[in-house]
Amino acid sequence: MGRKKGAKKRIAQVDTKYRNTLIAKFINKIMFDGKKSKAEDIVYGAFSIIEQKVKEEPPLEVFKKALKNVQPKVELKARRIGGATYQVPIEVRPDRSIALGMRWIIDYARGRKGKAMEAKLAEEIMQAHKKEGSSVKKREDMHKMAEANRAFAHFRW
């Protein structure tokens, strides 16, 4: 282990349209090869699709609720104890929970077939908003695994 202090927590900038740090982080996660304007186009395009399809709520609220529905509460970490490896359930820190939720939404949106990325992303966000879709299933599977391995919770430190 290094003797120096840990890395300082950097505060994300706000995005240009919604003035929200959560959206700015989401744009940064979508970005490839430093092409931020393209990532912004994708996110804002997805939000405009959401705005057209979900009339009763603004797209920012739909996104926040979708992210809340995808965020995991517990995750599994492999711990090696006495030659055996156990999957130990561990509570997820809030910032990691947000990061995992965003990653899952983006990954499953990219995995969809056909269509433009804006449409795929909008679809994944709307399904997560309704507690459906692949990213929500991933969260449920992780919670089920953690529940099944609850017997090993005493190995956590």
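Cβ-Cβ distance of GLU61 and ASN149, R₀ of 41 Å, FRET efficiency by 1/(1 + (r/R0)^6): the value works out to about 0.75. Using only the alpha-carbon atoms, how far is helix 134-148 inclined from the longest principal axis of the chain? Give it as 0 to 90 degrees, nearest 10. Computed tilt is about 10 degrees. For the range 116-130, backbone phi angles converted through the Karplus equation (6.51, -1.76, 1.60; θ = phi - 60°) give residue-by-residue couplings of 7, 4, 4, 5, 5, 5, 4, 5, 5, 5, 5, 5, 5, 4, 8 Hz, Gly and Pro being listed as x.
Using C-alpha pairs under 8 Å with a sequence gap of at least 6, the mean separation divided by the residue count of the chain gives a relative contact order of 24 percent.
Here r is the Cβ-Cβ distance between ILE11 and LYS73 and R0 is 22 Å; the resulting FRET efficiency, rounded to 0.05, is 0.35.
Once the Cβ-Cβ distance of ASP41 and LYS137 is raised to the sixth power relative to R0 = 35 Å, the FRET efficiency obtained is 0.80.
Distance from the alpha carbon centroid of the range 1-71 to that of the range 78-108 works out to 21 angstrom. Considered as an equivalent ellipsoid built on the Cα gyration tensor, the range 21-112 has semi-axes of 32, 16, 11 Å, the largest given first.
Residues whose amide H falls under 5 Å from that of VAL92, counting only those 5 or more places apart or on a different chain, are VAL74, GLU75, with hydrogens built in the peptide plane.
Just so you know, all these numbers are worked out from the coordinates, no wet-lab data involved. Note that the structure is predicted; figures quoted are calculated from it, not measured. As a convention, Cβ positions derive from the backbone with ideal geometry for all residues, glycine included, and neighbour counts pool all protein chains shown.
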